[in-house]
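Read through the structure below, which is laid out as structure tokens, and then see the notes.
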Amino acid sequence: MPRAAVFSTNFLDYSQTFVHDEVTHHQRYVVEVFCRKRMYPERFPFEPVHVGGPLYGATRRSPAFDRVLASGFDLIHGHFGTGSLYAHPYARRHSLPLVITFHGYDVPLLTSSARFYPKRWTYALLAGGMLRDMTLGLCASRELLEMLVASGVPRERLRLYHLGIDLNAFRRGTPGARLRVLMVGRFVEKKGFEFGLRAFAQCVQQGLPAELVLVGKGPLEARLRALVDELAIAASVQFVGALPSREVATLLAEADVLMAPSVVGAHGDRESGVIVLKEASASQLPVIGTLHGGIPEIIDDGVTGYLVPERDVQALSTRLAQLLQDAALRAQLGRAGRAKMEHEYDLTRQVRQLEGFYDEARSLGQR
């Protein structure tokens, strides 16, 4: 079987379960992971995982990696444009095709002012050469694909690739006595949780008997907690921290609505294929998202959930109240969401498509 070297900067941050899902569902390729740091091995079991060593993060050089890659690999696959800076030198030295998956913030960073921050200088300096050498770029949304074309990447080297989910891990459960709304993700600007909190507060003011559960952690947690107090909704809001995927699945199974009020951040950071939206729909949970990034590719407005403009608290609140007051509508949208996931986002089928892209990259690399 052909061998693929998957480069993930850290294997694995809790918010990047999609990388673990991919590497554990290959059928025609043997995959080995190369990373700067091994994280949460009990949550993301996988072998072999090669760790670069103490100087790898600063130099992107690991003699151990070169020795392993010299044993015979067929391609290198890097996750995120930023993380693929680590993969690029190895693809060049070992004359291997380079496949890169672009997930969101990595594409606007090519042109936004954030690339001038010291921590991004390396990306700003080296991304051009990496993109020129890239064999195939896999884009998690149509928006990212068009942004890369606008940045000068030839369209013929880009492919739309929607990340799949393990449908067997998500099922409808029994909701609790109290209506429950979820927001799941890192507490960062692009998640737009501030707007979700404000929309939920309006529903509370209308007397709707619901609770809101926030799953995740991040730099904006203190600000979000302060906003909860300011809005006087602390009695109806829970912060439960970052949870393992199986616990998130349980929450999704028993909830009533999921909100993903994402926004474009100040430096262009944006979502692509929001995994939790797919997981919620697979759990037959109606979803509310924004007209943002790859979200309209996941939610069929009025069919599997609702789409509203970014930062529009009133529109969010109106749709949330509508769902909280109509159990039949929630069930209808939830069933349609599950059907869409089965048809478009099944993990096994999507990894099969990924392996097809691997085949294509190897063919292109031989020309």
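Rank the residues HIS20, HIS94 as a footprinting-exposure proxy: fewest other Cβ atoms within 10 Å of their Cβ go first. Numbers along the way, then the final one.
Numbers: HIS20 19, HIS94 15.
Fewest-to-most ranking of HIS20, HIS94: HIS94, HIS20.
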Pseudo-spin-label distance ALA177 to GLU47, built 7 Å along Cα→Cβ, given in nm, is 4.8
Label points 7 Å out from Cα along the Cβ direction at ASN10 and VAL240: separation in nm?
2.3
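Would you please classify the overall shape of the range 1-45 from the alpha carbon gyration tensor, given that a ≥ b ≥ c denote the square roots of the eigenvalues, rounded means a/c under 1.5, and beyond that prolate means a/b larger than b/c while oblate covers the rest? Present the calculation step by step, with values, prior to reporting the outcome.
Numbers: a/c = 2.37, a/b = 1.61, b/c = 1.47.
Taking the square roots of the gyration eigenvalues as a ≥ b ≥ c, the range 1-45 is prolate.
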Which whole-angstrom value gives the distance between the alpha carbon centres of the range 35-91 and the range 135-190?
24
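Hey, with R₀ at 22 Å, roughly what FRET efficiency would ARG157 and ASP301 work out to, going by the Cβ-Cβ distance, to 0.05? Each step should come with its number before you reach the end.
Working: r = 32 Å, r/R0 = 1.45.
For R0 = 22 Å, the calculated efficiency reads 0.10.
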Per residue of the chain, what 222 nm ellipticity follows from adding -39500 (n - 2.57) for every DSSP H run with n ≥ 4, rounded to the nearest 500?
-11500 deg cm²/dmol
Based on the Kirkwood radius over alpha-carbon pairs, what value in µm²/s does the Stokes-Einstein equation return for the translational diffusion coefficient of the range 87-218 at 10 °C and 1.306 mPa s?
86
Could you count how many Lys pairs in the chain have their Cα atoms under 25 Å apart, skipping same-chain pairs fewer than 8 positions apart?
12
Using Cα pairs closer than 8 Å and at least 6 residues apart in sequence, work out the relative contact order for the range 167-344, in percent.
26
Prolate/oblate/rounded label for the range 167-344 (Cα gyration tensor, a/c 1.5)
rounded
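Compute the FRET efficiency between LEU55 and ARG225 as 1/(1 + (r/R0)^6), taking r as their Cβ-Cβ distance and R0 = 35 Å, and round to the nearest 0.05.
Working: r = 39 Å, r/R0 = 1.11.
In this case the efficiency is close to 0.35.
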Distance between the C-alpha centers of the range 192-236 and the range 343-367? Whole Å please.
41
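Quick note: the coordinates plus some simple rules give every number you see, no bench work behind them. These numbers were taken from a predicted model, which means no experiment stands behind them. A quick note on method: Cβ atoms are made from the backbone with ideal geometry, for glycine too, and the neighbour counts reach across all protein chains shown.
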